[in-house]
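Here the structure is laid out as structure tokens; the discussion comes afterwards.
The values are calculated or read from the model by the stated rules, or taken from the named source; none is laboratory data. Quantities reported herein were computed from a predicted structural model and do not represent experimental measurements. Every residue, glycine as well, gets a Cβ built from its backbone with ideal geometry; the counts of neighbours run over all protein chains shown.
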Amino acid sequence: MDKKILFFGYGNPGRQDDALGIRFIERMQTWIEEKDYKNISFDSNYQLNIEDADTISGYDVVYFVDASMEQLEGFTVTEVEHSNAQVEFTMHAISPGVVLSLCKQIYYKVPQTYLIHIKGFEWELEFNKGLTDKGEKNLQDALKFMQEKLPEIL
Amino acid sequence: MSKKITIEPVTRVEGHGKVTIHLDDNNQVAQSRLHIVEFRGFERFVQGRPYWEAPVLVQRLCGICPVSHHLAAAKALDVIVGAGTGDGLTPTGEKMRRLMHYGQMFQSHVLHFFHLASPDLLFGVDGDPALRNVIGVAIKHKELAVQAVMMRKFGQEIIKATAGKKVHGTGAIPGGINKHLTQEEKDHFLNGPDPMNIDKMIDWSLGALEFFKGYHAQNKDLIDNFASFPSSHVSLVRKDGAMDLYHGVLRGVDSNGKKILNDVDYQDYLQYIDEEVKSWSYMKFPYLRSIGKKDGWYRVGPLARMNTCDFIPSPLAQKEFEIFKAYTNGKPNGMSMHQHWARLIEILHSAEMMKELLNDPDLMSGELTVKGTKGREGVGLLEAPRGTLFHHYRINDDDQIEMANLIVSTTNNNTPMNTAVNLAAKQFMNGQSEITEGMMNAVEVAIRAYDPCLSCATHALGKMPLEAIILDSNGKELDRKLKNG
């Protein structure tokens, strides 16, 4: 049986490279539709939240896509491990690990889950400024990597 | 030797809040302050932009309450395009916006209660932090976690259906709305498979209220006395005094229930409200001009709305409102933890209002927009989940925004949050020489009751580390504790 795959990007597209996750989804979706691959879905939002446990429960493989401030070489793809959340002051978003844990606790399902972390550089409220050039390059590299890898996953 | 304790959450971009608690030589809390390092540049950024872009642009402010900013901006621009001051839209325009707003209120309050507040209630303010979180709720109280997930999802779907998409929605435009609700969408929300339908949402809202009331009966000391203090309260109310989260007149009451802001037109808000700047916080301190800087501060949000309105115009929420009001014999309620009770009543009210609107044929047909004589300036207010939200714009001859002023809900609650922090610190930290995680959480619980939205627009991975630093009177560090690194 074909695997059901979800790509889920998150970030604020109004904040320069914080849009990397959502731009990844837009371009990957266009590419997938051109290639006519089946069983691949896309979603995006400002951030992850508790209802995403329900969303991912219907898939075999999940790729979360987010911008990163960490010192990465372009981008990374890492498997997501379960994580217990702490109530973090006033934070309203949760991590991929918490989404996965919640999915396991509520739905008894554990999709194979990965995080595509794409390094970004600028995060300001600047109109008419999209992704930085370096962020754009990292995005293209991440897309190329996943497009080449996709036949292995399917 | 006096000490200063700093609890400092750090975020990625927009700024952060920190709490400093000054202890005196006897380890008694002398003073506490909540400092907000708030991103205040947005008003400048929108200057020069075409006014019609504002309802979409303002969603860059925040990834948690973008719908509230979207609608408040649209309401301000309604005035500029001559579509009236909030009640001049077509029935379709106003009702679609209301549905969007109730969807936002519903999902935001659900997230706060189940994700942020319920772990403190279920496991205790000083409970095991490894369990005191949403996963702990899922392990120990699975039915609550399931309800939280599905109620959030329902509210998100309402927003998507009315705003057009989840991220940077475009539904509200100056003078109205840009889409109808489809028959398919209406059927989905009214008659969707269990549990994704509005009747189940109402059932679960009632269940959450029963859960809280049961908890309250067994934990009166915490719920009634934790960070409790008298204050004035401000919110919009409908012209007949009903709760109205989308539109109305501004009403303020003091701690005795006396009206101190008498149902005024919010287009004139600058006549009544001013903001004070204090050296130790980037966030301003709003106050009522008629009372003055010292005593003119007020609370906004769910508790304030219960205190200002005369009734709730939906039957099930009205019953709960009567129980709520009877608890204080009809007097204004100053108990911070009753914010949760009030929030749950608003969840129920929002669900009832969504059902009423979903059955309204105006959502599926009718004129979407209205225009009149264009003006230069407009103010848009609504009751966001966290309280009254102000958007004010003025445009130039080229239709560009030349002035913008925003007073967000969290800013309105600045003094109340500081007051709550001070009380919590005195309750939990007086006489203590060592700061435990439970004590730190007690301070956070006081802040969380107001559900402040400090910095949501960009995100790391949900990380918000808290750092506690103890300094002596000479600035020497005596202790440091890091939480959630």
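Within the range B:87-137, the only residue that satisfies the criterion of being within 30 Å of residue B:77 (Cα to Cα), among the aromatic types (Phe, Trp, Tyr) and within 14 Å of another protein chain (Cβ to nearest Cβ) is B:106.
Tell me, please, whether a residue that is over 27 Å from residue B:352 (Cα atoms) and among the small types (Gly, Ala, Ser) can be found in the range B:256-270. Yes: the range B:256-270 contains one or more residues that are over 27 Å from residue B:352 (Cα atoms) and among the small types (Gly, Ala, Ser). On the basis of being away from chain A (no Cβ under 14 Å), touching a helix residue (DSSP H, G or I) at 6+ places or on another chain (Cβ under 7 Å), farther than 30 Å from residue B:21 by Cβ and surrounded by 23 or more Cβ atoms within 10 Å (Cβ to Cβ), does residue B:383 make the cut? Judged against the criteria, residue B:383 is a match. Taken together, B:419, B:410, B:388, B:436 contain a single residue that is among the hydroxyl-bearing types (Ser, Thr, Tyr), in contact with a strand residue (DSSP E or B) (Cβ under 7 Å, 6 or more places away or on another chain) and on the phi < 0 side of the Ramachandran plot, which is B:388.
Applying the criterion of at least 2 residues that are in contact with a Leu (Cβ under 7 Å, 6 or more places away or on another chain) to the strands (runs of 3 or more DSSP E) found wholly in the range A:16-105 leaves A:40-45, A:61-68. The residue list B:245, B:236 contains one member that is in the same structural domain as residue B:404 (by TED's automatic domain parsing), touching a strand residue (DSSP E or B) at 6+ places or on another chain (Cβ under 6 Å) and assigned to a loop (DSSP other than H, G, I, E, B), which is B:245.
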